[in-house]
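What follows is one structure encoded as structure tokens, with my remarks underneath.
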Amino acid sequence: MKPNAYGPFPYSPIIDRPRLEWPGGARVALWVIPNIEFFALDDRIPGVSGSKAPDIPNWGVRDYGNRVGIFRMMEVMDRYGVRGTVALNSNVCDQHPRIIEEGVKRNWEWMGHNETNSVRLNAVEADEEKRIIGNAFATIERASGTRPAGWLGSGMQETWNTLDLLAEQGCEYVCDWINDDQPYLLSLEGGRRMVSLPYSAEINDKPAFEHKSRTAPEFAEMIRRQFDVLYREGAESGRVMAIALHPYLIGQPHRIDALDEALAYICRHEGVWRATGSEIARHYVDYVDCAARAAQRQA
């Protein structure tokens with residue numbers, strides 16, 4: 001991606017787009033994204049003011065998510081037949097392989113999410129960024145048996161080089177561009193394409209609990225309200241409902257029932273496609289290509 005005042009895609013008002021249809025006539029494509037992360041004890045924790053290694057309390061609460069919280073999340077998501085699309089720090093594969101085993105057992109999907117959340121792509125040199133991305137894909141593939149199809153940058157951060165480096169690894173979709181309720185195509189160097197998949201900085205437990213001080217019932221209500229509007233709009237053209245979660249936050253005993261209640265509410269509705277990131281991205285590409293071929297035949 002070349003430096004530019006706007007992204008590698010045209011501005012596209014949602015009111016001007018053709019109808020988007022999901023499988024089975026669904027109104028909403030629901031995907032749930034557990035962010036399973038590794039923070040090094042011998043490094044500071046990004047985003048925590050004054051963090052200095054070893055930051056025992058802030059590190060410890062995050063480690064709780066990998067020791068306890070993620071397994072609570074799995075139990076709740078199993079109850080509603082929701083497969084996770086995990087934004088995975090690849091260091092988790094070596095540090096906590098038991099988590100990978102349980103995810104594979106559930107046929108969860110894996111996205112690259114850097115090696116560790118202690119280091120972000122916009123904080124390293126170009127050669128190091130390339131190494132991080134390549135190693136993350138290779139490590140996750142080796143540990144899970146499946147090469148990641150998608151990517152979420154730690155902190156949703158990219159550089160001008162990130163998309164092209166992801167394309168070199170065969171990445172099909174990326175979630176850093178939180179600017180839409182429908183997928184769209186990114187135009188890359190050499191005519192390559194990648195899908196931007198809707199992710200959420202709003203329906204996301206990290207900003208909700210850590211920055212906006214929402215309670216668990218308030219977060220559950222946010223999810224329901226988000227769904228209600230997208231479900232209503234989805235009657236005209238399909239929408240994507242992303243729920244971004246962190247095991248050390250939603251996996252706490254006093255918060256986990258908020259996820260249970262929200263998923264119960266959503267899954268009571270007809271016309272909800274419980275999907276993974278790659279399923280949404282691949283359907284979208286097929287749908288766009290089919291529409292383009294139909295337009296050519298009519299021309």
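The values are calculated or read from the model by the stated rules, or taken from the named source; none is laboratory data. Everything quoted here is computed from the prediction, not taken from an experiment. Here the Cβ is made from the backbone with ideal geometry for all residues, glycine too, and neighbour counts use every protein chain on show. Protein only, heavy atoms only, side chains kept; ligands, DNA and RNA dropped before computing areas. Shrake-Rupley method; radii C 1.70, N 1.55, O 1.52, S 1.80 Å.
Considering (1) open to solvent by less than 40 Å² (accessible area, probe 1.4 Å); (2) part of a helix (DSSP H, G or I); (3) under 30 Å from residue 270 (Cβ atoms), say which one residue 66 fails and leave the rest.
Every condition holds for residue 66 apart from (3).
Report, ordered by the first and then the second residue, all pairs with beta carbons closer than 6 Å, sequence separation of six or more or different chains, a first member in segment 240-254 that is closer than 18 Å to residue 215 by Cβ, and a second member that is among the aromatic types (Phe, Trp, Tyr) and not in a strand (DSSP E or B).
These pairs meet every condition: 248/64; 249/209.
Can you pull out every residue in segment 201-217 that is open to solvent by less than 80 Å² (accessible area, probe 1.4 Å) and in contact with a helix residue (DSSP H, G or I) (Cβ under 8 Å, 6 or more places away or on another chain)? Lay out the reasoning, then the answer.
Narrowing segment 201-217 to residues open to solvent by less than 80 Å² (accessible area, probe 1.4 Å): 201, 203-210, 215-216.
201, 203, 205, 206, 208, 209, 210, 216 - these are the residues of segment 201-217 that are open to solvent by less than 80 Å² (accessible area, probe 1.4 Å) and in contact with a helix residue (DSSP H, G or I) (Cβ under 8 Å, 6 or more places away or on another chain).
Could you tell me which of the residues 35, 58 is open to solvent by 20 Å² or more (accessible area, probe 1.4 Å) and on the phi < 0 side of the Ramachandran plot?
58
Identify, please: which residue in segment 40-55 is among the hydrophobic types (A, V, I, L, M, F, W, C) and closer than 15 Å to residue 210 by Cα and is, among those, most open to solvent (accessible area, probe 1.4 Å)? Before you say what the answer is, go through the steps one by one.
Taking segment 40-55 as the starting set, the residues that turn out to be among the hydrophobic types (A, V, I, L, M, F, W, C) are 40-41, 45, 48, 53.
From what's left, closer than 15 Å to residue 210 by Cα: 45, 48.
Numbers: 45: 2, 48: 25 Å².
Only one residue fits best here, namely 48.
State whether one or more residues within segment 144-152 are in contact with a Ser or Thr (Cβ under 8 Å, 6 or more places away or on another chain) and either over 18 Å from residue 275 (Cβ atoms) or open to solvent by 20 Å² or more (accessible area, probe 1.4 Å) (or both).
Taking every residue of segment 144-152 in turn, none turns out to be in contact with a Ser or Thr (Cβ under 8 Å, 6 or more places away or on another chain) and either over 18 Å from residue 275 (Cβ atoms) or open to solvent by 20 Å² or more (accessible area, probe 1.4 Å) (or both).
Looking only at segment 229-247, which residues are farther than 29 Å from residue 89 by Cα and within 21 Å of the chain's Cα centre (by Cα)?
Narrowing segment 229-247 to residues farther than 29 Å from residue 89 by Cα: 229-238.
Those that are farther than 29 Å from residue 89 by Cα and within 21 Å of the chain's Cα centre (by Cα): 229, 230, 231, 234, 238.
Only one of these is farther than 16 Å from residue 198 by Cβ and at pLDDT 95 or above: 267, 290. Name it. Write out each step before concluding.
Values: 290 fails: at pLDDT 95 or above.
One residue alone meets the criteria, 267.
Quick check: is even one residue across segment 171-183 open to solvent by 10 Å² or more (accessible area, probe 1.4 Å) and not in a loop (DSSP other than H, G, I, E, B)?
Checking segment 171-183: not a single residue is open to solvent by 10 Å² or more (accessible area, probe 1.4 Å) and not in a loop (DSSP other than H, G, I, E, B).
From (1) in a loop (DSSP other than H, G, I, E, B); (2) open to solvent by 50 Å² or more (accessible area, probe 1.4 Å); (3) without any contact (Cβ under 8 Å) to a residue 40 or more places away in the chain, pick out the condition that doesn't hold for residue 131.
Result: residue 131 fails condition (1) only.
Please specify each residue of segment 234-257 satisfying the condition of being of a type outside the set (Ser, Thr, Tyr), in a helix (DSSP H, G or I) and open to solvent by less than 20 Å² (accessible area, probe 1.4 Å).
Step one: list which residues in segment 234-257 are of a type outside the set (Ser, Thr, Tyr), which gives 234-236, 238-247, 249-257.
Within this subset, residues satisfying the condition of being in a helix (DSSP H, G or I) are 247, 249-250, 256-257.
Answer for segment 234-257, where residues must be of a type outside the set (Ser, Thr, Tyr), in a helix (DSSP H, G or I) and open to solvent by less than 20 Å² (accessible area, probe 1.4 Å): 247, 249, 250, 256.
Restricting to segment 83-103, name every residue that is assigned to a helix (DSSP H, G or I) and open to solvent by 70 Å² or more (accessible area, probe 1.4 Å).
Filtering segment 83-103 down to residues assigned to a helix (DSSP H, G or I) leaves 91-95, 97-103.
Passing the criteria: 94, 95, 98, 101.
In segment 134-175, how many are touching a residue at least 60 places away in the same chain (Cβ under 8 Å) and at positive phi?
Residues meeting the conditions: 1.
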